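The values are calculated or read from the model by the stated rules, or taken from the named source; none is laboratory data. For clarity, every value in this text was computed on a predicted model and none was experimentally measured. Heads up, the Cβs are rebuilt from the backbone with ideal geometry, glycines too, and the neighbour counts pull from every protein chain shown. All accessible areas refer to the heavy atoms of the entire protein, side chains included, with ligands and DNA or RNA removed. Shrake-Rupley method; radii C 1.70, N 1.55, O 1.52, S 1.80 Å.
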Amino acid sequence: MQFEVVIGLEVHAQLNTKTKIFCSCPTSFGDEPNTNVCEVCLGLPGALPVLNKESVKKSIAFGTAINSKINQKSIFNRKNYFYPDLPKGYQISQFEIPIVEAGEIFIDFEDGSKKRIGVTRAHLEEDAGKNIHHGNVSHVDLNRAGTPLLEIVSEPDMRSAEEAVLYLKKLHAILRYLDISDANMQEGSFRCDANVSIRPKGDSKLYTRAEIKNLNSFKFIQKAIEYEVERQVEAWEDGVYEKEVVQETRLY
């Protein structure tokens, strides 16, 4: 049996604003732990967030570059997580009405052909802090908490690891050309989650997807997708697909 691969990508791009998304703390990288914090990004009672105007401008610039719809009204929501590096117990993000919707990015193949990849949405949200582990002791650095992120969600239009990498490289280039993100993968300014599933050739149904989290190099993204596709194909051919391939988050 021949299979078709179905891939959708979620990219978190850190916007290169000088201050955080809801307060005036600096976003500089590599400073002493817990020095770039205030009542707002620490989530202290009574603190009121104020939206960073530059983060909105940069999001609109990206939406314009990918021929998307820019919503005249967008809404922030609370997304509940109970992690040590999220002091409020929730992340301020966008869900119902994101700032950018229905865009497109064209990837270029070596033979000169192109393929359109749909962009479902791009929404603003705040980053979490960072857990640092030393033996049996864990520390929390909240310098990064509240850093502005643009989460860019593609349609499941990619059909191979090669197409996924071409899409990411094109997206990376757009962000840098617009000068809205340094997209530095080593510093976590450009992070990718890959949603991967397979289906029999000719089938239009979307089957169970596995999500591979926090990939931060093009090489690792390609290898992770190729490994996951191989795992799912083997499970299907061995008759254990429904048991082995469940909707879950996997690490590479």
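Check which residues have an amide H placed less than 5 Å from D182's amide H, if you skip close sequence neighbours.
N16
In percent, how large is the relative contact order of the chain, given Cα pairs closer than 8 Å and 6 or more residues apart?
The value is 25 percent.
Taking +1 at the Cβ of each Lys and Arg and -1 at the Cβ of each Asp and Glu, which of N52, Q91, M185 sits farthest along the dipole of the chain towards its positive end, judged by Cα position relative to the Cα centre?
Comparing the listed Cα positions along the dipole, N52 ranks first.
Work out how much length F106 to E230 would gain on full extension: take 0.36 nm times their residue separation and subtract the Cα-Cα distance, in nm to one decimal.
42.0 nm
Starting from 0.36 nm per residue, how many nanometres of slack lie between K223 and T35 once their C-alpha separation is accounted for?
Once the chain is fully extended between K223 and T35, it gains 64.0 nm.
Quick one: of K18/K170; K73/K205; K170/K243; K20/K114; K170/K201, which pairs are farther than 29 Å apart, Cα to Cα?
K73/K205; K170/K243; K20/K114
Can you list the residues, at least 5 places off or on another chain, whose amide H is less than 5 Å from the amide H of N34, using H built in the peptide plane?
L142, N143
With labels modelled as points extended 7 Å from the Cα through the Cβ direction, what inter-label distance (nm, one decimal) is found for L48 paired with V240?
Computed distance between label sites L48 and V240 equals 5.8 nm.
Compute the Cα gyration tensor for the stretch 13-67, then decide on rounded, prolate or oblate, letting a ≥ b ≥ c be the square roots of its eigenvalues: rounded whenever a/c is under 1.5, prolate when a/b is larger than b/c in the other cases, and oblate in all that remain.
In terms of gyration-tensor shape, oblate.
Determine the gain in length on full extension of the stretch N131-F95; use 0.36 nm per residue of separation and subtract their C-alpha separation, reporting nm with one decimal.
Full-extension gain reported as 10.4 nm.
Using only Cα atoms, what is the ratio of the radius of gyration of the stretch 109-252 to 2.2 N^0.38 Å?
Taking N as the residue count of the stretch 109-252, the ratio is 1.20.
Using a 1.4 Å probe on the protein chains only, how many percent of the accessible area of the chain belongs to carbon and sulfur?
In the chain, the share of accessible area belonging to carbon and sulfur is 51 percent.
Determine ³J(HN,Hα), in whole Hz, for all residues of the stretch 132-149 in sequence, where each value follows from phi through the Karplus function 6.51 cos²θ - 1.76 cosθ + 1.60 and θ = phi - 60°; x replaces Gly and Pro.
10, 10, 10, x, 8, 10, 10, 10, 10, 10, 9, 4, 7, 4, x, 5, x, 10
Would you give the gap between the C-alpha center of the stretch 126-173 and the C-alpha center of the stretch 29-49, rounded to a whole Å?
21 Å
Quick one: of the DSSP bridges fully inside the chain, what percent are antiparallel, nearest 5?
95 percent
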